[in-house]
Amino acid sequence: MSWRYPLFDLDYGEEEKRAVIEVINSGWITQGPKTKEYEEKLAQYFGVEYALATSSGTTALHLTYLSAGIKPGDRVLVPSLTFVATVTPLIWIGAEPLFVDIHSLKYPNISPDEVERKARGAKAVVFVHYAGFYRFIDEVKDISDRYGLILIEDASHAIGTKIEGKFAGTFGLVGAFSTFTNKNLSTGEGGFLLTNDEKVYEKAKLLRSHGLTTSSYSKFTLGDTLYDVVDIGYNYRITEIQAALGIVQLEKLGEKNEKRCRLVKLYRELLSDKVLIPFDDYENSANYIFPVVLPEGISRDEVVRKLAEAGIQTSVHYPPVHKFSAMRSRFGELILPVTEEFSSRQLTLPLYPGLSEEDVSYIAETLLKAL
């Protein structure tokens, strides 16, 4: 289907094209010097010691969990209101995800009260910056410190969210990010992790490429032939093309996030009287998506249909992870009442820098009519 207003639109231009051509002309496509440059720029931008680029946000999370010390049998607190990739790497490891409810419809981040209630016996807690918002990160960090939990951030929605001088993804031991096509910083597929812990970084770096002591680029440039495998690792390497795209996108990130903020401001002005709009502090958020909560008694399917007829694509972020068949078969039937209500009434509207204020006004007007 061809959408007049898709949920997101790719924001690539001549700079991205030139960057890709430069890599192709270099004769080296797999992980190499461009990746190193990208990682250095990420670390500098986010103000951390170490950044490690990966093949996807999912692989970034897997390496994050492993390098943070998550082991089989460990219990990890995690919200159910997230993309399934926040949870699946824990299952690969053999850890036990303990699903935690969100705070409220207004603030759909993980509930600090529920984290504290389930903290005893847990090894770690994963804070997901839903929609790009940081609400309760300080409270969850305080609970983590008091109970000795490892704080891990899934900041895939929050590339550029800044809280009192610190970026989302830098509050815990490790922060994982996705740079999937529709993210604020887009490399098609890709991800990265941030940390100030050298041991965590070195562990993740080793596991990213089969546990090898020598990289392919080192063999190519230095003539290294022998190597050892010192851990059982994975192939989670990024390509030079992805890294080149990431460098250009990182340079544009601030400007693009400012545009998102202006569009969200207009959305809020037009819709706040008729729908519940989660969170308040959008000016400090990366505003990855624009979620709304429809009034009780409204048929979301009917609203979606009417918007689709007007050429407006919508989505739901997210179906609760604990309700998926694969999770129910492993962990049984769980009830997270706030998460389930939020998910049943939530609707995501188009948001990307290419939208104009006129576009946002039309989308908002169409939603109001559908209601």
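Loop only by DSSP, 15 or fewer other Cβ within 10 Å of the Cβ. Give me the GluC sites (Glu not before Pro) in region 1-56 that pass, ordered by residue number. Intermediate results must be reported in sequence, preceding the final value.
Numbers: sites: 14, 15, 16, 22, 37, 39, 40, 49; in loops: 49.
Here the GluC sites (Glu not before Pro) that fit, given the DSSP loop and packing criteria, are 49.
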*So how far apart, in nm, are the two label points at residue 284 and residue 315 if each is 7 Å from Cα heading toward Cβ?*
2.6
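Relative contact order of region 253-370, please, whole-number percent, based on alpha carbon pairs below 8 angstrom and at least 6 residues apart.
Numbers: 126 pairs, mean separation 45.0, N = 118.
It comes to 38 percent, rounded to a whole number.
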_Cut-off is 10 Å between beta-carbons; in what order do 54, 366, 86 appear when sorted fewest neighbours first?_
366, 86, 54
*asked:* Show me the ranking of peptides 255-261, 98-104 by mean Cβ neighbours inside 10 Å, starting with the highest.
replied: 98-104, 255-261
*Pull up the DSSP beta bridges for the chain and report the antiparallel fraction as a percent, rounded to 5.*
60
*Residues with amide H under 5 Å of residue 163's amide H, sequence separation 5 or more or different chain, H placed in the peptide plane at 1.01 Å from N; which?*
168
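Under the 0.36 nm per residue contour assumption, what length would be gained going from the current alpha-carbon distance of residue 253 and residue 36 to full extension? Write out the running numbers ahead of the final one.
On the way: separation 217, 0.36 × 217 = 78.12 nm, distance 1.93 nm.
Using 0.36 nm per residue and subtracting the Cα-Cα distance, I get 76.2 nm.
About its Cα centre, how strong a charge dipole does the chain have in debye, to the nearest 20, once Lys and Arg get +1 and Asp and Glu get -1 at the Cβ?
Values: 41 positive and 50 negative charges, 132 e Å.
Roughly 640 debye for the chain.
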*Please find the FRET efficiency linking residue 24 to residue 308, where r is the Cβ-Cβ separation and R0 is fixed at 35 Å, and quote it to the nearest 0.05.*
0.35
*Take the alpha carbon atoms of region 47-80, find their center, do the same for region 251-283, and report the distance between the two centers in whole angstrom.*
29
*asked:* Please list, by residue number, every one of the GluC sites (Glu not before Pro) in region 318-355 that is coil in DSSP and has at most 11 other beta-carbon atoms within 10 Å.
replied: 333
*At what distance in nm do the modelled label points of residue 120 and residue 341 sit from each other, each positioned 7 Å from its Cα along Cα→Cβ?*
2.8
*Describe numerically, in nm with one decimal, the distance between label points set 7 Å from Cα along Cα→Cβ at residue 261 and at residue 225.*
5.7
*So for region 137-203: antiparallel DSSP bridges make up what percent, rounded to the nearest 5?*
70
_GNM top mover of 343, 111, 216 - the chain, alpha-carbon springs below 10 Å_ = 216
*Grab every C-alpha pair in the chain, bin the distances at 10 angstrom width from 0 up to the longest one, and report whole percents.*
5, 24, 32, 25, 12, 2, 0
_Value at 222 nm in deg cm²/dmol, rounded to 500, when DSSP H runs of n ≥ 4 in the chain each add -39,500 (n - 2.57)_ = -12500 deg cm²/dmol
*How long are the three semi-axes of the equivalent ellipsoid for region 183-333, computed from the Cα gyration tensor as the root of 5 times each eigenvalue, in whole Å, largest first?*
42, 23, 15
*Amide H to amide H, which residues 5 or more places from residue 349 or on other chains are under 5 Å from it, using H placed in the peptide plane?*
290, 292
_So for the chain, averaging the separation of alpha carbon pairs under 8 Å that are six or more residues apart and normalising by length, what relative contact order in percent results?_
23
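Note down the magnitude of the dipole of region 253-370 about its Cα centre, charges +1 on Lys and Arg C-beta and -1 on Asp and Glu C-beta and zero elsewhere, to the nearest 20 debye.
Dipole size: approximately 400 debye.
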*Scan around residue 50 for amide H atoms under 5 Å from its own, H built in the peptide plane at 1.01 Å from N, and keep only partners 5 or more places away or cross-chain.*
195
_Test of understanding: what is the full-extension gain from residue 92 to residue 300, defined as 0.36 nm times their sequence separation minus their Cα-Cα distance?_
71.4 nm
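Read-outs: derived from the displayed coordinates by stated rules, not from any lab. None of these values were measured; they are calculated from a predicted model. With ideal geometry, Cβ positions are generated from the backbone for all residues, glycine too; neighbour counts draw on all protein chains shown.
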